[in-house]
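Below: one structure, written as structure tokens.
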Amino acid sequence: MKKLFTLLIFLPLISFRSAETKFVLTVSNLEKIKGKLYIGWYRSADDFRKSDKAVYQRIVEVDGKEAVDIPFENISPGTYAVAIFLDKNDNGKMDTNMLGIPKEKYGFSNNKYPLTRAATFKESAFEVGGNEHSITIKLKG
């Protein structure tokens with residue numbers, strides 16, 4: 001009876017843990033530039049591209065490679081959109097010109113790059129669930 005009781009207590013924890021996903025984000029078109037990738041995962045259109053609203057964040061140093069694989073552990077199932085930029089001058093922000101056009105490389109999940117604006121959450125959204133997943137974001141700029 002004691003073993004059954006212990007199993008019943010820990011079974012929900014095991015099930016919850018297995019629902020989380022390992023995810024690999026590949027960032028390409030780095031053109032062997034050195035800098036830092038600022039990566040944010042978002043769950044809603046209202047929060048998209050607001051760094052303080054990202055549900056998962058990471059800053060990754062890149063050192064002259066054409067592409068890099070970045071693993072993310074324990075991603076909960078759901079709908080996400082990823083926004084990323086390559087900070088090549090190490091000032092911690094996306095540099096833009098006087099018109100607001102980015103001067104540094106950037107990217108969005110689904111590789112959507114409208115001509116006159118940034119991609120929206122809806123355009124960038126993808127599903128995470130179950131098994132290991134991966135996507136590639138090709139930087140633009």
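So which residues in region 66-101 are under 19 Å from the mean Cα position of the chain (by Cα) and either in a loop (DSSP other than H, G, I, E, B) or within 21 Å of THR116 (Cβ to Cβ) (or both)? Once the filter is applied, which keeps residues that are under 19 Å from the mean Cα position of the chain (by Cα) and either in a loop (DSSP other than H, G, I, E, B) or within 21 Å of THR116 (Cβ to Cβ) (or both), region 66-101 yields GLU66, ALA67, SER76, PRO77, ALA81, ALA83, ILE84, PHE85, LYS88, GLY92, LYS93, MET94. Within region 108-134, if we keep just the residues that are surrounded by 16 or more Cβ atoms within 10 Å (Cβ to Cβ) and assigned to a strand (DSSP E or B), the residue that is modelled with the highest pLDDT turns out to be PHE108.
Selection of region 71-107 for residues being of a type in the set (A, V, I, L, M), closer than 20 Å to SER124 by Cβ and surrounded by fewer than 16 Cβ atoms within 10 Å (Cβ to Cβ) yields only ILE101.
Would you please name the residue that is surrounded by the fewest Cβ atoms within 10 Å (Cβ to Cβ), looking only at residues in region 26-53 that are among the aliphatic types (A, V, I, L, M) and over 9 Å from VAL82 (Cα atoms)? Once the filter is applied, the top-ranked residue is ALA45. Can you confirm whether SER51 is within 15 Å of the chain's Cα centre (by Cα), over 18 Å from ASN111 (Cβ atoms) and modelled with pLDDT under 95? It is true that SER51 is within 15 Å of the chain's Cα centre (by Cα), over 18 Å from ASN111 (Cβ atoms) and modelled with pLDDT under 95.
Could you check region 120-141 and list, in sequence order, the residues that are under 16 Å from the mean Cα position of the chain (by Cα) and within 21 Å of LYS36 (Cα to Cα)? Within region 120-141, SER134, ILE135, THR136, ILE137, LYS138, LEU139, LYS140 meet the criteria.
Taken over region 115-141, the criterion of being free of Cβ contacts under 8 Å to residues at least 60 places away in the same chain, more than 20 Å from LEU30 (Cα to Cα) and not aliphatic (A, V, I, L, M) is satisfied by THR116, ARG117, GLU123, PHE126, GLU127.
The values are calculated or read from the model by the stated rules, or taken from the named source; none is laboratory data. Computed from a predicted structure; not experimentally measured. Positions of Cβ are backbone-derived with ideal geometry, glycine not excepted, and every protein chain shown enters the neighbour counts.
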